[in-house]
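One structure is given here, and the rest of the page talks about it.
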């Protein structure tokens, strides 16, 4: 199943989608609309991206979830 990543800020409740993850810079770029979010080929690939976001520290302030594309 093709999917995308949605984020929710733990403190403000703000939501959005992951447009791009920059390993070099250590953060993700927000996509306000689902159609602008990065498309993942499978849930497994998206789950690995969530793990990377955790390593980068982005999961400290945000919850990430996999949603159907």
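Short-range pairs are left out: with C-alpha atoms under 8 Å and at least six residues apart, the relative contact order of the chain is 44 percent. Taking 18 Å as the cut-off, the amide N atoms of the stretch 13-39 that come nearer than this to a point 7 Å along the Cα-to-beta-carbon line of residue 48 belong to 20-24, 38-39. With a/c under 1.5 counting as rounded, go ahead and sort the stretch 4-43 into rounded, prolate or oblate using the C-alpha gyration tensor (a ≥ b ≥ c being the square roots of the eigenvalues; past the cut-off, prolate if a/b is larger than b/c, else oblate). Oblate shape, in that a/c is at least 1.5 and b/c is the bigger or equal ratio.
Kirkwood hydrodynamic radius of the chain from all distinct Cα pairs, in Å? For the chain, the Kirkwood estimate is 11.8 Å. Per residue, the average separation of C-alpha pairs within less than 8 Å and at least 6 apart gives the stretch 1-40 a relative contact order of 40 percent.
Bear in mind these aren't lab numbers, they're just calculated from the coordinates by the rules spelled out. On a predicted model such as this, the values are computed, not experimentally measured, just so you know. When we count neighbours, we look across all protein chains shown, and the Cβ atoms used for this are built from the backbone with ideal geometry, even at glycine.
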